[in-house]
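So the structure is just underneath, and the comments pick up after that.
The values are calculated or read from the model by the stated rules, or taken from the named source; none is laboratory data. All values reported here derive from a predicted model rather than from experimental measurement. Quick reminder, even Gly has a Cβ in these numbers, built from the backbone with ideal geometry, and neighbours come from all protein chains shown.
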Number of protein chains: 2
Amino acid sequence: MNNNTDAVPESYPMNGGDGTYSYTKNSYFQKAATNVARSMIHNAVAEKLDLNELFSTSSKNTIFRIADLGCSVGPNTFSAMKNILEVVQHKYQQSQGHHFSSSQMLEFQVFFNDQVTNDFNTLFSSLPSERPYFAAGVPGSFHGRLFPNSSLHFIHSSYALQWLSKLPEELLDKTSPAWNRGRAHYANSPDEVRQAYATQFAKDMEKFLDARAKELVVGGLMVLIMPSIPHGVPLSRLPLCVLFDILGSSLVDMANDGFVSEDQVDSFNIPVYAVSPDEMIKFIEGNGCFKIERMELKKPISSIDNDQVTGHALTMHLRASMEVIISKHFGSEIVDDLFDRFYKKTEELSDHLQPIYKEGGTQLFLVLKRK
Amino acid sequence: MNNNTDAVPESYPMNGGDGTYSYTKNSYFQKAATNVARSMIHNAVAEKLDLNELFSTSSKNTIFRIADLGCSVGPNTFSAMKNILEVVQHKYQQSQGHHFSSSQMLEFQVFFNDQVTNDFNTLFSSLPSERPYFAAGVPGSFHGRLFPNSSLHFIHSSYALQWLSKLPEELLDKTSPAWNRGRAHYANSPDEVRQAYATQFAKDMEKFLDARAKELVVGGLMVLIMPSIPHGVPLSRLPLCVLFDILGSSLVDMANDGFVSEDQVDSFNIPVYAVSPDEMIKFIEGNGCFKIERMELKKPISSIDNDQVTGHALTMHLRASMEVIISKHFGSEIVDDLFDRFYKKTEELSDHLQPIYKEGGTQLFLVLKRK
């Protein structure tokens with residue numbers, strides 16, 4: 001039961017605080033995804049959540065416990081939790097007088113989870129002051145246990161599962177076909193590199209689903225939202241992969257100019273994997289505890305304007321989520337120069353990037369029910 | 001149900017991080033108190049906690065939820081929680097095969113609570129990695145609601161309740177007999193000053209007990225430990241009051257030397273109140289939801305050696321808990337000078353202070369059960 005997964009060797013928090021490069025101020029792509037997810041969650045709760053299955057009609061109090069896994073520092077997590085809470089509350093009120101007595105109170109407890117290295121101080125200080133729930137923070141990796149058995153009624157995780165718990169070792173092995181020389185990700189790499197990522201992701205998902213199957217009550221819902229790539233679509237159409245590719249080539253430029261070593265660039269890989277729907281189905285069936293209630297590939301960012309796909313916007317966005325991991329590997333002194341180069345490349349490419357963001361980006365939206 | 005008590009105007013976290021002046025490294029007086037409390041908690045659980053009253057014998061899982069209110073950043077909170085957990089676990093194992101089936105699992109969830117301004121990042125990063133419980137942090141004032149109804153089985157609070165939620169306004173009113181001119185606390189003040197503190201403390205305790213009565217399940221235990229002064233003992237024998245008095249006179253010296261203004265000193269008051277056992281009985285009876293299972297005044301620091309009552313030790317101790325509040329009022333630039341003066345005074349007085357620490361300091365130890 002102890003949570004020794006905190007010892008996971010790598011953890012990459014988003015930029016803390018609320019400064020210029022903070023995740024708080026630069027997470028509007030994630031926000032756009034949340035907005036699309038809003039109506040989907042609404043339907044999932046309305047159609048698939050059975051409150052009678054979750055709660056005894058005879059108890060005086062009803063506590064509905066929600067967890068957001070990989071919540072970062074806000075503000076997206078707050079609007080996502082508010083959204084879930086409102087629709088559950090609405091459903092509960094409809095059942096009052098029928099299944100539940102009109103005096104029976106529904107209370108909400110929301111658990112905000114992220115890695116121990118997440119900036120919980122910022123998260124806590126920005127909690128909405130008039131929140132209709134009791135808030136708690138839960139530090140630790142969601143690849144291990146975080147909550148007691150059957151203690152949650154709703155689990156939510158948006159744009160967090162794509163982070164690997166660790167990098168596949170083969171990427172650094174010069175004798176391996178998966179050695180990822182001169183690249184920061186797998187978009188333009190030999191297939192062995194992508195396969196190494198896929199294998200690690202499969203291990204991570206196994207642990208994730210095992211832990212959640214224990215924590216979620218029978219009848220509870222789990223909503224997972226993550227970047228995804230449909231079968232057959234080239235990686236060069238996935239915004240995430242395109243950005244990482246540009247970041248990789250900016251690093252190669254810096255190595256060529258002598259600001260970082262070639263070895264440093266070769267050994268740097270971004271631990272992010274975009275799963276396909278087919279893979280996810282395989283993982284969920286392998287686990288066996290969840291029923292897939294809904295599975296959709298959506299274009300998440302149709303609400304994003306072209307003027308949000310500028311070099312500046314993309315640079316701020318990537319810097320907020322990547323600065324910590326880059327500083328850890330290369331030292332913080334290279335960060336300004338690197339993102340300056342990245343900015344120039346994305347500015348040059350913005351005509352090319354805009355349609356990719358408008359058309360190519362897809363998120364996988366999953367509603368699972370604990371059997 | 002919403003927790004808008006975060007908006008309490010004043011909050012005074014202990015020094016965060018783990019540096020020289022941190023609470024983490026300078027809380028051994030509190031630790032000594034915890035050690036004495038250890039055996040008392042042991043007895044309270046053994047004699048007064050009835051697991052059959054708390055849990056259905058038919059359910060497959062049993063989750064025992066503990067909260068530490070005013071936990072600060074550790075390490076004391078971790079040893080206190082471990083202590084409670086071990087003795088509850090022991091008791092549970094004894095009941096297995098009798099009241100509970102031998103396959104029924106007991107799990108623990110521990111909620112670490114403190115003000116929003118507490119350094120939760122430090123708390124989380126120092127959580128024991130092999131802990132036999134699921135950990136969560138709960139930000140907010142314990143003078144308001146923090147948890148859902150009947151959701152806790154054990155509440156613990158050590159050396160936190162003495163902090164007032166706010167300072168009585170009369171202390172700053174030049175026309176009031178409670179104007180606390182030239183002093184930082186009430187030890188050598190007119191009785192009206194102490195009375196103003198007492199009135200605020202009574203309001204705080206009313207809110208505290210109201211909230212806890214809702215959160216603790218019937219049959220649940222609440223252990224409260226706080227500095228206290230027995231009826232009839234002069235304030236000059238209470239270590240806390242003596243230290244605050246020395247701090248006040250150090251501030252007056254600084255005003256005389258022109259480093260702070262007289263107005264600043266007059267308007268500075270430490271929001272800490274040492275309650276008497278009689279007052280606490282009155283508050284608990286006024287609330288009506290708790291049975292007093294045990295109430296003891298103990299000398300907490302008999303395990304403290306004379307060499308821990310040096311000017312240096314006392315200065316580090318006071319600085320860890322007072323630096324934030326002093327910096328807020330006077331600015332951080334006066335802190336070194338102030339504690340230098342404080343250090344010299346306590347060094348001079350150490351022969352006088354040692355017997356006060358050995359004999360005069362008392363803590364109130366309370367075991368309450370939810371009726």
Give the residues of the range B:218-229 that are under 23 Å from B:Val110 (Cα atoms), of a type in the set (A, V, I, L, M) and buried (at least 17 other Cβ atoms within 10 Å of the Cβ), sorted by residue number. B:Leu221, B:Met222, B:Val223, B:Leu224, B:Ile225, B:Met226
Conditions (1) under 30 Å from A:Ser126 (Cβ atoms); (2) touching a residue at least 40 places away in the same chain (Cβ under 8 Å); (3) within 9 Å of chain A (Cβ to nearest Cβ); (4) in contact with a Leu (Cβ under 9 Å, 6 or more places away or on another chain); number of the one not met by B:Asn61: (1)
With the checklist (1) at pLDDT 90 or above; (2) under 30 Å from A:Phe290 (Cβ atoms); (3) in contact with a Lys or Arg (Cβ under 6 Å, 6 or more places away or on another chain) in hand, flag the one item A:Phe339 doesn't pass. (2)
Based on what the data block shows, is A:Val116 assigned to a loop (DSSP other than H, G, I, E, B) and among the β-branched types (Val, Ile, Thr)? yes
Any pair with Cβ under 8 angstrom, 6 or more apart, that starts in the range B:230-244 at a residue that is surrounded by 19 or more Cβ atoms within 10 Å (Cβ to Cβ) and ends at one that is at pLDDT below 85 and of a type in the set (S, T, N, Q): B:Leu238/B:Thr362; B:Val242/B:Ser236
Kindly indicate whether B:Asp257 is at pLDDT 90 or above and over 22 Å from the mean Cα position of the chain (by Cα). yes
Here's a check for you: in the range B:24-69, which residue that is in a loop (DSSP other than H, G, I, E, B) and at pLDDT below 65 is surrounded by the fewest Cβ atoms within 10 Å (Cβ to Cβ)? B:Lys25
With A:Ser102, A:Ser151 as the choices, which residue is within 21 Å of A:Val217 (Cβ to Cβ) and polar (S, T, N, Q)? A:Ser151
Take the residues of the range B:164-178 that are surrounded by fewer than 24 Cβ atoms within 10 Å (Cβ to Cβ) and touching a residue at least 60 places away in the same chain (Cβ under 8 Å): which is farthest from B:Met280 (Cα to Cα)? B:Leu172
Scan the range A:198-216 and give yes if some residue there is surrounded by 18 or more Cβ atoms within 10 Å (Cβ to Cβ), outside any loop (DSSP other than H, G, I, E, B) and without any contact (Cβ under 8 Å) to a residue 24 or more places away in the chain, otherwise no. no
Checking A:His98 against (1) within 13 Å of chain B (Cβ to nearest Cβ); (2) out of contact with any helix residue (DSSP H, G or I) (no Cβ under 9 Å at 6 or more places or on another chain); (3) surrounded by fewer than 24 Cβ atoms within 10 Å (Cβ to Cβ), only one condition comes out false. Which one? (1)
Residues located in the range A:109-118, provided they are at pLDDT 95 or above and facing another protein chain (nearest Cβ under 8 Å): A:Gln109, A:Phe111, A:Val116
Please specify each residue of the range A:124-164 satisfying the condition of being facing chain B (nearest Cβ under 8 Å), polar (S, T, N, Q) and not in a loop (DSSP other than H, G, I, E, B). A:Ser125
Test: residue in the range A:234-246 that is modelled with pLDDT of 90 or more and of a type in the set (Ser, Thr, Tyr): no
Checking A:Val110, A:Val73 in turn, the sole residue that is within 23 Å of the chain's Cα centre (by Cα), assigned to a loop (DSSP other than H, G, I, E, B) and within 24 Å of A:His42 (Cα to Cα) turns out to be A:Val73
Does the range B:257-278 hold any residues that are in a helix (DSSP H, G or I) and crowded, with 17+ Cβ neighbours inside 10 Å, and which are they? B:Val265, B:Asp266, B:Pro277
Of the residues in the range A:217-244, those that are more than 20 Å from the chain's Cα centre (by Cα) and either in a helix (DSSP H, G or I) or of a type in the set (A, V, I, L, M) (or both) number 4
Filter the range A:160-193 for residues that are under 19 Å from the mean Cα position of the chain (by Cα) and among the basic types (Lys, Arg) and give the result. A:Lys166
